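Asker: Take this structure, written in structure tokens, and hold onto it; I'll ask about it next.
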Amino acid sequence: MTLPARLASHLLASVVETRAPAWIECDKAGVVRAIGGPHDSYGLGHLAVGAPLVEQVAFFEAMFATDEAAAVLPLVEFRPGVYADVHVFVDRDADWLVLLDSAGIGNEEARRQQTRNEILLALEGRGAGSAALLSALEVLVLERHGVDDFSCVGVPPGWCDRVVPEASRFALTRVSTFLESFLVDAEEFWHTERVGSLASGPWSERLADVDRCLEATATRLTNGAALLLISPVESTLIEKQQIVQRARDLALEQEARSREAEKKEILLHCIVHDLRSPLTSVVASLKMLEQDLPEADAARFVRLGLQAGKRQERLIRNMLSWFAEDLEGLETWRAAKDAGPFVVASVRAVLDEFRPAFILRRVDFALHRAPELDTDVRIAGDGLRFQRVVANLLDNALRHSFTGALEEASEHIAVAVLREGDFVRVAVENRGERIDVDIRQHLFERHFTTVGGSGASNSGLGLYYCRMTVESWGGTIDYEYDERLRKNRFAFRLPVLGAEDSAGGLASR
Amino acid sequence: MVARRKVCMLGSFAVGKTSLVERFTQGIFSGQYLTTVGVKIDTRDIDVDGRPTKLVVWDLHGDDVFQKVRPAYVRGAAGCLFVVDGTRTSTLDVLPELRERVLAHAGPIPHAVVLNKVDLADELIVTPDAIRTQLPRVDVHPTSAKTGEGVETAFVALVRRMEQDK
């Protein structure tokens with residue numbers, strides 16, 4: 001190749017400027033004939049003309065042992081940190097050595113070599129053995145040169161063919177979306193010069209059209225080199241996945257068993273509650289009959305007691321089939337568009353059932369129906385369970401109500417039924433001590449026990465049942481206390497039948 | 001140029017995050033529950049209101065005692081979907097704390113709740129209202145990874161929110 005004169009001149013000037021050329025001319029006997037250039041910067045300042053070269057620098061002995069007219073020995077280290085590419089020219093009557101500075105590349109290569117060696121030593125220190133281990137482990141070792149500027153250390157393992165660019169330096173963020181994110185943490189780790197390592201955790205990503213399961217670890221060697229190690233973790237991932245999977249399967253089974261046990265517990269509560277309510281009414285009616293009552297009142301209590309007794313008989317007769325259906329229906333209920341209980345009538349029926357018990361305990365009660373509420377309004381729910389919710393709240397109110405004369409002219413217990421847009425609101429109030437703030441937060445939780453003026457009671461499951469039932473129909477339930485009137489108020493809202501879809505009740509769709 | 005947006009899928013284990021991603025990105029569903037370890041990254045090009053977007057979906061492992069979501073996973077996310085299993089209330093109970101933890105690291109990014117498994121109508125016990133009670137003012141999207149119901153809608157709605165939030 002013949003270079004244009006101007007280009008040759010430019011290249012020569014560039015070499016002279018950047019590579020600090022020094023030369024030594026020897027005769028065929030190896031005696032130094034001439035020296036030129038900054039040879040002292042290569043540690044050759046002591047060279048003298050007229051003396052054999054190898055006697056002055058033993059290092060050069062093998063330099064001319066070549067049959068070629070020209071040869072290059074790259075990256076010769078003349079002293080620590082000083083590198084030169086040595087060009088050898090063999091002429092007819094003289095031999096020439098030309099030294100071109102290559103300290104930049106030499107030092108960089110030395111550092112990389114050091115890094116490689118340190119990794120190998122570190123691995124050997126763990127008893128891992130040989131240099132082949134890195135490759136055998138299929139660990140891709142990348143050295144960081146700057147922000148998102150990496151190069152491979154050693155030969156990349158086979159799995160990352162096509163994943164890692166062939167360029168000696170590359171941007172890792174172009175390789176993987178996950179690593180793009182992880183590098184933010186890695187950069188912080190490398191900058192803080194923390195010891196140890198930072199692991200990414202396993203990730204799965206499609207790289208070069210192949211699904212990979214990998215894990216990255218950022219680390220720093222004692223010489224300051226920042227490394228990123230990337231390992232395929234498919235096998236360990238599968239192992240870990242199996243362990244976690246087993247644990248989670250067990251957790252799911254446990255959850256299912258708990259739900260089943262919970263349903264049965266609630267059903268048991270419902271059975272007890274449903275049987276007890278009419279019995280309470282029967283007992284209260286009988287107790288009232290012990291008193292010397294006018295004939296008309298006595299007849300009324302006989303009628304109430306009889307009604308309650310018949311209801312209990314009916315409950316017992318139907319219980320098995322009834323609760324078998326309930327077990328499935330407890331969590332969900334789908335309203336037929338023409339079904340659903342009449343709210344006012346249902347509330348009144350439950351109040352009637354409680355009437356003897358209220359009278360016996362000298363508790364005044366009342367039902368307040370808002371004028372705008374039609375008596376034929378129905379809610380989107382099951383009639384029996386709706387009455388059970390009201391009964392639970394009334395039972396709770398009765399147990400925690402003040403008794404005897406009140407300062408204000410009002411009832412001990414009141415049930416208010418209101419229409420609120422597409423909802424019906426039923427509020428059961430009782431005059432009594434407030435429930436502590438700490439307790440209020442957990443009122444509707446499972447196994448929670450309310451504490452009223454007369455001490456602890458076992459209505460917690462009842463309130464939990466109320467919440468579950470009301471929420472499963474797309475409603476809500478809450479509690480508040482009126483300080484002025486010293487009144488507890490439990491209230492629930494339920495979508496009116498036909499309006500439950502717009503109210504967002506998924507379970508009742 | 002097609003915008004790239006990172007979306008994270010979060011929630012308790014076995015709620016159907018991976019199934020939702022597979023349904024959304026590949027249109028497939030596998031009924032087998034296979035727990036995710038770490039992160040799975042998938043992509044889908046989507047056109048919403050004439051704007052092409054490459055969604056990079058990060059399917060994060062279920063958050064529980066065995067695996068905790070690393071803050072780094074949600075960094076740079078443009079939006080996220082919190083997934084609830086409609087048949088398990090426990091998956092809703094853990095959501096407020098998880099949401100707080102995630103938004104603390106990701107910032108106030110657009111997000112929504114996906115109420116998954118609505119095809120299991122007989123077993124549903126979590127309602128959209130129950131979710132709104134726990135997380136007021138958060139969009140709730142009923143979905144079924146099995147039938148595909150609501151899946152596209154949930155992602156598209158999130159992308160719209162992300163576009164508005166830019």
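Asker: Pull the list of the protein assembly as shown cysteines that no other Cys approaches to under 4.7 Å, Cβ to Cβ.
Answerer: Lone cysteines by the Cβ rule: A:Cys26, A:Cys152, A:Cys160, A:Cys213, A:Cys270, A:Cys466.
Asker: Using a 1.4 Å probe, how large is the accessible area of B:Cys8, given in Å² and rounded to the nearest 10?
Answerer: 0 Å²
Asker: Using a simple spin-label model with points 7 Å from Cα along the Cα→Cβ vector, what separation in nm is obtained for A:Glu420 and A:Ala296?
Answerer: Placing both labels 7 Å beyond Cα along the Cβ direction yields 4.0 nm.
Asker: Within 10 Å of each Cβ in B:52-64, how many Cβ atoms from other chains are there, averaged over the peptide?
Answerer: Mean partner-chain Cβ count within 10 Å for B:52-64: 2.
Asker: Now for a different question. Explain nothing, just the number: dipole magnitude of the range B:25-150 about its Cα centre with +1 on each Lys and Arg Cβ and -1 on each Asp and Glu Cβ, in debye rounded to the nearest 20.
Answerer: I would put it at about 480 debye.
Asker: Suppose R0 equals 45 Å; then what is the FRET efficiency for B:Ala104 and A:Glu108 from their Cβ-Cβ distance, rounded to the nearest 0.05? Spell out each step's value before the answer.
Answerer: Working: r = 43 Å, r/R0 = 0.95.
Here the calculated transfer efficiency is 0.60.
Asker: Which one of B:Val126, A:Ser197, A:Cys160 has its Cα pushed farthest toward the positive end of the charge dipole of the protein assembly as shown, where Lys and Arg give +1 and Asp and Glu give -1 at the Cβ?
Answerer: Toward the positive end, the furthest listed residue is B:Val126.
Asker: Continuing with the same structure: Go through A:Trp190, A:Trp159 and list them by solvent-accessible area, largest first, probe radius 1.4 Å.
Answerer: On the way: A:Trp190 5, A:Trp159 35 Å².
From most accessible down to least: A:Trp159, A:Trp190.
Asker: So, one more: When all protein chains stay in place, what accessible area (Å², nearest 10, 1.4 Å probe) is found for B:Ser144?
Answerer: Accessible surface of B:Ser144 is approximately 0 Å².
Asker: What length, rounded to one decimal in nm, is gained on full extension from B:Thr43 through to B:Ala3, with 0.36 nm per residue of separation minus their alpha-carbon distance?
Answerer: Stretched out fully, the B:Thr43 to B:Ala3 stretch lengthens by 13.2 nm.
Asker: Taking the inverse of the average 1/r across all pairs of different Cα atoms in the range B:60-119, what Kirkwood radius in Å do you get?
Answerer: Its Kirkwood hydrodynamic radius stands at 12.2 Å.
Asker: A further question on this structure: Got a sec? Charge dipole of the range B:48-97, +1 on Cβ for Lys and Arg, -1 for Asp and Glu; which of B:Gly50, B:Ser90, B:Tyr73 is way out at the positive end?
Answerer: Projecting each Cα onto the dipole axis, the largest value belongs to B:Gly50.
Asker: For the protein assembly as shown, just the Cα set please: Rg and Dmax, both in angstrom.
Answerer: Here Rg and the maximum Cα pair distance are 40.9, 151 Å.
Asker: Further question on the same structure: Report, in deg cm²/dmol and to the nearest 500, the calculated mean residue ellipticity at 222 nm for chain B, where each DSSP H run with n ≥ 4 adds -39500 (n - 2.57) and the sum is divided by the residue count.
Answerer: Values: 6 runs with 52 residues, N = 166.
For chain B, the value works out to -8500 deg cm²/dmol.
Asker: Could you work out, residue by residue across A:246-252, how many beta carbons of other chains sit within 10 Å of that residue's beta carbon, and then give the average as an integer?
Answerer: Going residue by residue through A:246-252 and averaging, the value is 4.
Asker: About its Cα centre, what dipole magnitude does the protein assembly as shown give when the only charges are +1 on Lys and Arg Cβ and -1 on Asp and Glu Cβ, stated in debye to the nearest 20?
Answerer: The calculation lands at about 2300 debye.
Asker: Next up: Can you compute the modelled spin-label distance between A:Glu55 and A:Ala29, with each label point 7 Å from Cα toward Cβ, in nm?
Answerer: 1.0 nm
Asker: In addition: Taking 25 Å as the cut-off for C-alpha to C-alpha distance, list the pairs among A:Lys263/B:Lys146; B:Lys40/B:Lys146; B:Lys146/B:Lys166; B:Lys68/B:Lys166; A:Lys264/A:Lys487 that go past it.
Answerer: Table pairs above 25 Å Cα-Cα are A:Lys263/B:Lys146; B:Lys146/B:Lys166; B:Lys68/B:Lys166; A:Lys264/A:Lys487.
Asker: How high is the FRET efficiency from A:Glu433 to A:Ala247, r the C-beta distance, R0 41 Å, rounded to 0.05?
Answerer: 0.35
Asker: Using a 1.4 Å probe and counting only protein heavy atoms, arrange A:Arg33, A:Arg362, A:Arg303 so the residue with the most accessible area comes first.
Answerer: A:Arg362, A:Arg303, A:Arg33
Asker: Please give the FRET efficiency for A:Glu313 paired with B:Glu149, using the beta carbon to beta carbon distance and R0 = 51 Å, rounded to the nearest 0.05. Don't skip to the end; give the middle numbers.
Answerer: On the way: r = 47 Å, r/R0 = 0.92.
The computed FRET efficiency comes out at 0.60.
Asker: Place a point 7 Å from the Cα of B:Arg75 along the Cα-to-Cβ direction; which residues of the range A:154-194 have their backbone N under 11 Å from it?
Answerer: Taking a point 7 Å out along Cα→Cβ of B:Arg75, the residues of the range A:154-194 whose backbone N falls under 11 Å are A:179-190.
Asker: Scan chain B and note any complete DSSP helix (H) whose C-alpha atoms cover at least 20 Å along its axis and whose Kyte-Doolittle average is -1.0 or more.
Answerer: Values: long enough: B:151-165 (21 Å, 0.07).
Span-like helices in chain B: B:151-165.
Asker: Separate question: Under 25 °C and 0.890 mPa s, how fast does chain B diffuse according to Stokes-Einstein, given a Kirkwood radius computed over C-alpha pairs? Answer in µm²/s, whole number.
Answerer: D, rounded to a whole number, is 157 µm²/s.
Asker: Kindly sort B:Lys40, A:Lys310, B:Lys117 by accessible area of their heavy atoms, largest first, with the probe set to 1.4 Å.
Answerer: Sorted descending by solvent-accessible area, the residues read A:Lys310, B:Lys40, B:Lys117.
Asker: While we're here: Leaving out ligands, DNA and RNA but keeping every protein chain, what accessible area does A:His39 have, in Å² rounded to the nearest 10, with a 1.4 Å probe?
Answerer: 40 Å²
Asker: How many nm separate the modelled label positions at A:His10 and B:Lys166, each set 7 Å beyond the Cα in the direction of the Cβ?
Answerer: About 4.5 nm separates the two model spin labels.
Asker: Something else now. Sort out for me the Cα centre separation of the range A:164-185 from the range A:274-306, rounded to whole Å.
Answerer: 84 Å
The values are calculated or read from the model by the stated rules, or taken from the named source; none is laboratory data. Just so we're clear, the structure is a prediction, and the values are computed from it rather than from any experiment. Positions of Cβ are backbone-derived with ideal geometry, glycine not excepted, and every protein chain shown enters the neighbour counts. The area values use the complete protein model at the heavy-atom level, side chains included, leaving out ligands, DNA and RNA. Shrake-Rupley method; radii C 1.70, N 1.55, O 1.52, S 1.80 Å.
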